Structure formats: structure tokens, C-alpha cells
Amino acid sequence: MPTFTEIVTLKTLLITGINSGIGLHISLYLSQKGYMVLGTVRRNSQVPDKLLRNPNIQIFELCLDNDEQLERGFQHIRKMIPPDGLYAFINNAGMVVAGPATEISLPDYRYQFQINLFAGIHLIQLCLPYLIRYGTGARVIHISSVSGLFGSPFLGAYVASKYAGEGFFDSLRRELSLIGLRTVKIVAGSINTPIWEKQLGLLDKFETGNYWPYLQVANSSILKMKSESMPLETINKPILKALEHTCPRPSYLVYKKKWMFLLLTKILPVTFVDRMIRNRLKMKTPEIRT
Ligand SMILES: NC(=O)c1ccc[n+]([C@@H]2O[C@H](COP(=O)([O-])OP(=O)(O)OC[C@H]3O[C@@H](n4cnc5c(N)ncnc54)[C@H](OP(=O)(O)O)[C@@H]3O)[C@@H](O)[C@H]2O)c1
């Protein structure tokens, strides 16, 4: 464990969800780049060895499921924030509730928003005094998604939470800039992490619904998407720019073919894109199962 003096001399970051995927990768990467990482995990029992062995990473149990658990977890974190404050809060933890928009339960929608939006907002409010204490240049970084800019069938809940995040963080950026703090979004396409395979088998609960013919192939689609996704290292450059640039861009797009994404979201007519997606799902004419 690092000494208090060691923590004081490095810039300190708080990153959520560091036991897996992007959070795990950037914690290790940024600790090598000379940052002190305070990282959160849902359960202490899930911490990979390479995090435990790293002297520049401190791990805290923080479940994001509700306000009480979150505030209780933050009590331990605040004690380890050095006297000169927190340089950055990286809002990374997130999850996917997949399924047909009309068949996902309302409690599942609420849970999706709790983890992907409200928990992040709550943590920003808790971190704010420490970011202000650090002073000008301290920043909030949100790991956003292209799903915050482009709707996809069977991802309605996730997409809604990420669109809401886009709006919230754009507003936050304009607000925090008034007090000298920066806000940056990393808008990522599909990256090779466990987030999608955590969905394997979960769509079976929609077997009796309207869309089962499409969802039956969900497991193979998830595995295909994973095999085509970008390596974790793709995020290294944008995260470093977001952290180190004195005037970072409002957002960094991390996508294999950026031109394709711009074409789909900004240039092609929406009805054309709708038809493309429908054809891709092999559904030439809309059908309703009775
Ligand atoms: N991978 C992609 O293709 C992609 C693309 C764009 C944006 N993103 C965004 O990137 C972020 C990280 O995703 P990832 O791909 O790295 O996924 P991941 O490997 O599944 O990691 C997600 C992290 O969030 C944590 N988390 C989820 N629910 C939690 C809860 N209730 N309480 C505490 N921690 C919780 C997870 O903990 P557990 O392991 O305990 O669940 C894990 O540490 C997410 O916000 C995601 O939306 C991902």
C-alpha cells in the first residue's frame, strides 16, 4: 500500500468499475503514467491480482445500486483523497440492460438509469468539493458510448441511459467551465470487454414476446460483435488527451471507421438508416406476432 506522502505527490484520480474491461485497463495504464488511482469495485472479492499488486492503485468497495450504499462506500474513499484535492473523476462503471424496448420491465429500466446515469451524477456531487480544492484544470471524464448518439433495436434501455448521459455531461461541461473545471466525454464504439458477454443467455426471458425470432440469434450476434470489437488499447490515446490536455476537446470519438459513424448519424436520411437496420435483421416488412 502506498504511503500517504506518495499519494500526495501524484495526481489523484477516482475511477469507477475497475475490476473489469475499460476500468481495469485504464487503471493499470494510468498508474504506469504516474497517476495515483483510487478505484472502485462492486465487491472486494472480485479484484484481479494485478490490481492488488500495484502500489499506485487503491481499491474501494462501492456498489452503485442505491444512494445509501454509494454514500457509505464514498466515506472510505474521501479519507484517501489527498489534501490538495482530486485531479479527475472518471465515470466509467456501467452495464447493459438489453431486450425489446416494449418488453423490458420498468424496474429494469430504472436500474439501468441508476447505474449508468444517477450513480455517476451522485458521485460527481460527492467529488465536487475535492475537484474544486484541486483547482483550475481538474476534470470529470465520462466514458460514453456511440449508443448515446445512435439508437439500436433491443438496446433501448441502454441507449436511453447513454443519450441522457450525453445531455447531462454537455450541460455539466458548460456549467463546470464557469468555475474552471473541465468535462470530457469519451464516446466509444464497441471495445473488447466482458460487457456484452455478460448478456449471454439473458435474453431467453423474452422467449414468449413479439421479437423472439430476432432474439434467438442474440448469443451468436454478441459473440460476433465481440470478435469484431476494438482492442482495449484503442482507448489509451483519447483517455490521456482527456486527462492531460489543458484545453481538451468536449468529446473524443473512439470508433473503427469514424467516417462511417458520421455518415450514419449526420448524413444519411434517418428513414434510409432505419431500412438498412431492418434489412440487416432480415425483416423486410414489419410484422406483429399475434
Ligand atoms: N465495451 C464497450 O463496447 C463499450 C463501448 C462504449 C462505452 N462503454 C462504456 O464503458 C464503461 C465500462 O464498460 P466495459 O465495457 O468496461 O464493461 P465491463 O467490463 O462490464 O465493466 C463495467 C464495470 O462497471 C461495474 N459495475 C456495473 N454495475 C455496477 C454496480 N451496480 N455497482 C458497482 N459497479 C458496477 C462492473 O462491475 P462488475 O464486474 O461487478 O459488474 C465493472 O467493473 C461502461 O459505462 C460502458 O457503457 C463500453
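The values are calculated or read from the model by the stated rules, or taken from the named source; none is laboratory data. As the structure is a prediction and not an experimental result, all values here were calculated from the model. Here Cβ is always computed from backbone atoms with ideal geometry, including for glycine, and neighbour counts include all displayed protein chains.
All but one of (1) within 13 Å of the ligand (Cβ to nearest atom); (2) out of contact with any strand residue (DSSP E or B) (no Cβ under 7 Å at 6 or more places or on another chain); (3) farther than 27 Å from residue 156 by Cα hold for residue 60, so report the exception by its number.
Condition (2) is where residue 60 drops out.
Could you tell me whether any residue of the range 147-156 is more than 10 Å from the ligand (Cβ to nearest atom), in a helix (DSSP H, G or I) and not hydrophobic (A, V, I, L, M, F, W, C)?
Here is the first cut: in the range 147-156, the residues more than 10 Å from the ligand (Cβ to nearest atom) are 149-156.
Among the residues that remain, those that are also in a helix (DSSP H, G or I) are: 156.
After this cut, where a residue has to be not hydrophobic (A, V, I, L, M, F, W, C) as well, the list is 156.
Yes, the range 147-156 contains at least one residue that is more than 10 Å from the ligand (Cβ to nearest atom), in a helix (DSSP H, G or I) and not hydrophobic (A, V, I, L, M, F, W, C).
Name the one entry in 121, 115, 90 that is in contact with a Leu (Cβ under 7 Å, 6 or more places away or on another chain), assigned to a helix (DSSP H, G or I) and on the phi < 0 side of the Ramachandran plot. Show your work before the answer.
Values: 121 fails: in contact with a Leu (Cβ under 7 Å, 6 or more places away or on another chain); 90 fails: assigned to a helix (DSSP H, G or I).
Criteria check complete, one pass: 115.
Report the residue count in the range 236-265 for those that are assigned to a loop (DSSP other than H, G, I, E, B), within 18 Å of residue 191 (Cβ to Cβ) and under 20 Å from the mean Cα position of the chain (by Cα). Before you say what the answer is, go through the steps one by one.
Of the residues in the range 236-265, the ones assigned to a loop (DSSP other than H, G, I, E, B) are 245-250, 255-257.
Then drop every residue that is not within 18 Å of residue 191 (Cβ to Cβ), which leaves 255-257.
From what's left, under 20 Å from the mean Cα position of the chain (by Cα): 255-256.
Here the count works out to 2.
Take the conditions closer than 23 Å to residue 26 by Cβ, touching a helix residue (DSSP H, G or I) at 6+ places or on another chain (Cβ under 8 Å) and surrounded by fewer than 18 Cβ atoms within 10 Å (Cβ to Cβ) and apply them to residue 85. Does it pass?
Values: closer than 23 Å to residue 26 by Cβ: yes; touching a helix residue (DSSP H, G or I) at 6+ places or on another chain (Cβ under 8 Å): yes; surrounded by fewer than 18 Cβ atoms within 10 Å (Cβ to Cβ): yes.
Yes, satisfied.
State yes or no: is residue 113 touching a helix residue (DSSP H, G or I) at 6+ places or on another chain (Cβ under 7 Å) and surrounded by fewer than 18 Cβ atoms within 10 Å (Cβ to Cβ)?
Values: touching a helix residue (DSSP H, G or I) at 6+ places or on another chain (Cβ under 7 Å): yes; surrounded by fewer than 18 Cβ atoms within 10 Å (Cβ to Cβ): yes.
Judged against the criteria, residue 113 is a match.
Kindly indicate whether any position in the range 43-55 is modelled with pLDDT of 95 or more, assigned to a strand (DSSP E or B) and under 22 Å from residue 88 (Cβ atoms).
Scanning the range 43-55 turns up no residue that is modelled with pLDDT of 95 or more, assigned to a strand (DSSP E or B) and under 22 Å from residue 88 (Cβ atoms).
Can you pull out every residue in the range 85-127 that is away from the ligand (no atom under 13 Å from the Cβ) and in contact with a Phe, Trp or Tyr (Cβ under 6 Å, 6 or more places away or on another chain)?
Residues satisfying the conditions are 85, 86, 87, 99, 100, 103, 126, 127.
Inspect the range 4-19 for any residue being within 14 Å of the ligand (Cβ to nearest atom), surrounded by fewer than 21 Cβ atoms within 10 Å (Cβ to Cβ), charged (D, E, K, R) and outside any loop (DSSP other than H, G, I, E, B) and give the result as yes or no.
Among the residues of the range 4-19, not one is within 14 Å of the ligand (Cβ to nearest atom), surrounded by fewer than 21 Cβ atoms within 10 Å (Cβ to Cβ), charged (D, E, K, R) and outside any loop (DSSP other than H, G, I, E, B), which makes the answer no.
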